Amino acid sequence: MDMQRIPAREGNHNLKNVQEMRASFKWEDLKKNFTWNETGKVNIAYEAIDRHAENPAKKDQIALLYSAPGREESLTFEQIKRESNKFANVLKKHNIHKGDRVFLFMPRSPEFYSSFFGILKTGAIAGPLFEAFMEQAVRDRLQDSEAKMLITTPELLGRVPQEDLPNLEKIILVGSDDGTSGDYINYQSEMESVNDSFEIEWVDLEDGMLLHYTSGSTGKPKGVYHVHNAMIQHYATGEWVLDLKEDDIYWCTADPGWVTGTSYGIFAPWLHGVTNVIRGGRFTPEDWYQTLEKNNVTVWYTAPTALRMLVSAGEELVKKHNLTTLRHIMSVGEPLNPEVITWGLKAFNLRIHDTWWMTETGAQLIVNLPSEEIRPGSMGKPIPGIEASIVDNEGNEIPPNQMGNLAIKAGWPSMMRAIWKNPGKYDSYFVNGWYVSGDSAYRDEDGYFWFQGRLDDVINTSGERVGPFEVESKLIEHPAVAEAGVIGKPDPQRGEIIKAFITLNPGHQESSELLEDIRQFVKTGLSAHAAPREIEVRESIPKTRSGKIMRRLLKSWELGLPTGDTSTLEE
Ligand code: WTA
């Protein structure tokens, strides 16, 4: 195979003797970096925020550098400590205890981050929801988690189906002008009524801290359950992969409704005590460059879909900005096109480092390290402490250059510890001691991993995971739709787009108005990113004899590929 290789640059990378470390590193080696190693008292909120606030040299450093259209604000470590203490007191006053689920459904804002740490300080489990979710998506997640409390805004309240949520005791409204907020708790007035000191609920490393819902190929979204112990790997990858140093100004573009926005938008940077840039609102390429320039960002973590957008906007736009502080770029979420890496070398004079991981893995596993050669198109190599391989369906390792299941030897620090209320689903991830990712890949002779695709029907549109079942379920709620089958269709900009095949109920005629109405129905009921960009009306939807929609067949038809084995197809 003729491929380009981009050598590591000389420089003061945090991780130098990678080969040596891969051979000898043990996760225990990192314990010395945490206060709990001495005190025996654990809480990730303490390690990320309070520890720095107690350090006279760091307490007044800006931790959060926030900007959104119409609002700019910064908070020091000391300020986040106090604000999150206050919020923890509010939660305690309203009967929140260790293990309770408290959800956040709001845009990125300083209040979001203070509330998030306030939740963790009480020992409760935080559940951040992406602000673009509509009613059905919100209902599914709050019902499944049996959330006791929700923090949201007056604008988003209408998407919270309170009558269907018997476990939801209270709602806190952020940014309500109304001093009392009616039946709701007013964030502002509650925060004014409480003390800014709080005795942190010390927990066990294996106690829960976070629930992230994510899509599979069947059923409703699953609650991926993470524990405080994940901090060990957030810290390690913050040092090795993000290459964070104390004076860095770091920007992760992901929303905290997705795992990248928590593991790398919150934990990794603040465990390292760096200044964290948070940008709310929608971005144009111009906004991205302005954010990098204005804040003197040094380390930037983003996604292929955003990078492809910047490539389309052209190199001229880059040159209009002074980006000289930028020294390190990373990408996650979908395959990083080699052309984008080549473009990055020209436009930024920097390498773009791909990283591979999943909601379930809690932190990065296979990456391009700053101190290693990049082979564009490859996701890189496992970080120290991680054993990755390609296995067959029985969990046996297969030789280099053959495609199979990308798998990780189970037991790394940030691995999910459960699928919420679904032990069977959790167990199904593990075969013969391997966590099987659902991605197909191969490994070359030098140990680089090359992503090939998903093995199931999960769709990856602009880096966001969408389960076809969720979209199909919503589609058939529309009065005109009888049956639906949903697939991912390759798209140069978005990776994949969502395409739906439907059959119509008697009495309904295909028209562009009807199709648009159906699209809007999914968009307003579920979320914008789950709405099909293409809808095709058919006479029938192919199903197996047991009634399962044959998405694979739909996809083969769509792509004009051979249809393979159709022996289970219903007559
Ligand atoms: C895909 C995001 C190719 C993959 C942190 C994985 C990638 C799924 C990459 C997880 C990458 C993630 N190259 N594909 N570097 N990173 N993926 O849970 O299919 O939203 O299984 O986690 O995204 O998506 P999730």
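The values are calculated or read from the model by the stated rules, or taken from the named source; none is laboratory data. Note that the structure is predicted; figures quoted are calculated from it, not measured. Positions of Cβ are backbone-derived with ideal geometry, glycine not excepted, and every protein chain shown enters the neighbour counts.
Asn276 fails exactly one of the following numbered conditions: (1) in contact with a helix residue (DSSP H, G or I) (Cβ under 7 Å, 6 or more places away or on another chain); (2) away from the ligand (no atom under 16 Å from the Cβ); (3) farther than 16 Å from Phe112 by Cα; (4) not in a helix (DSSP H, G or I). What is the number of that condition?
Status for Asn276: all satisfied but (3).
Out of the residues in region 440-459 that are of a type in the set (D, E, K, R) and assigned to a loop (DSSP other than H, G, I, E, B), state the one that is nearest to the ligand (Cβ to nearest atom).
Asp456
Suppose we keep only residues that are part of a helix (DSSP H, G or I) and among the hydrophobic types (A, V, I, L, M, F, W, C) within region 132-191. Which one would you say is farthest from Phe105 (Cα to Cα)?
Met191
Taking Ala230, is it within 16 Å of the ligand (Cβ to nearest atom) and in a loop (DSSP other than H, G, I, E, B)?
no
Sort out which residues of region 429-439 are farther than 12 Å from Ala388 by Cα and assigned to a loop (DSSP other than H, G, I, E, B), and write them in order of number.
The answer is Tyr429, Asn432.
Regarding region 165-186, can at least one residue be identified that is among the aliphatic types (A, V, I, L, M), surrounded by fewer than 18 Cβ atoms within 10 Å (Cβ to Cβ), over 22 Å from Lys421 (Cα atoms) and out of contact with any Pro (no Cβ under 7 Å at 6 or more places or on another chain)?
Among the residues of region 165-186, not one is among the aliphatic types (A, V, I, L, M), surrounded by fewer than 18 Cβ atoms within 10 Å (Cβ to Cβ), over 22 Å from Lys421 (Cα atoms) and out of contact with any Pro (no Cβ under 7 Å at 6 or more places or on another chain), which makes the answer no.
Is it the case, given these coordinates, that Ile44 is closer than 20 Å to Met231 by Cα, modelled with pLDDT of 95 or more and not small (Gly, Ala, Ser)?
Yes; evaluated as a whole, the condition is true for this residue.
Collect the residues in region 93-114 that are in contact (Cβ under 8 Å) with a residue 40 or more places away in the chain and outside any loop (DSSP other than H, G, I, E, B), keeping them in residue-number order.
Correct list: Lys93, Arg101, Val102, Phe103, Leu104, Phe105, Pro110, Glu111, Phe112, Tyr113.
Give region 390-404 a look and list any residue that's away from the ligand (no atom under 16 Å from the Cβ) and touching an Asp or Glu at 6+ places or on another chain (Cβ under 7 Å), or say none.
Ile398, Pro400, Asn401
What number of residues within region 280-308 are in a loop (DSSP other than H, G, I, E, B) and within 16 Å of the ligand (Cβ to nearest atom)?
Adding up the residues that qualify gives 1.
Any chance region 340-356 includes a residue that's touching a helix residue (DSSP H, G or I) at 6+ places or on another chain (Cβ under 8 Å), in a helix (DSSP H, G or I), in contact (Cβ under 8 Å) with a residue 60 or more places away in the chain and within 15 Å of the ligand (Cβ to nearest atom)?
No - not one qualifying residue is present in region 340-356.
On the basis of being surrounded by 23 or more Cβ atoms within 10 Å (Cβ to Cβ), under 19 Å from Pro304 (Cα atoms) and in contact (Cβ under 8 Å) with a residue 60 or more places away in the chain, does Thr262 make the cut?
Yes.
Scan Ser462, Ser437 and give me the residue that is under 29 Å from Ile374 (Cβ atoms), buried (at least 18 other Cβ atoms within 10 Å of the Cβ), among the small types (Gly, Ala, Ser) and more than 9 Å from the ligand (Cβ to nearest atom).
Ser462
So which residues in region 40-59 are of a type in the set (A, V, I, L, M, F, W, C) and assigned to a helix (DSSP H, G or I)?
Ile44, Ala45, Ala48, Ile49, Ala53
So Tyr426 fits all but one of (1) more than 23 Å from Ile549 (Cα to Cα); (2) at pLDDT 95 or above; (3) assigned to a strand (DSSP E or B); what number is the exception?
(3) is the only condition that Tyr426 fails.
Working only within region 355-373, note down all residues that are surrounded by fewer than 24 Cβ atoms within 10 Å (Cβ to Cβ), over 12 Å from Gly333 (Cβ atoms) and either basic (Lys, Arg) or in contact with a strand residue (DSSP E or B) (Cβ under 6 Å, 6 or more places away or on another chain) (or both).
Passing the criteria: only Glu360.
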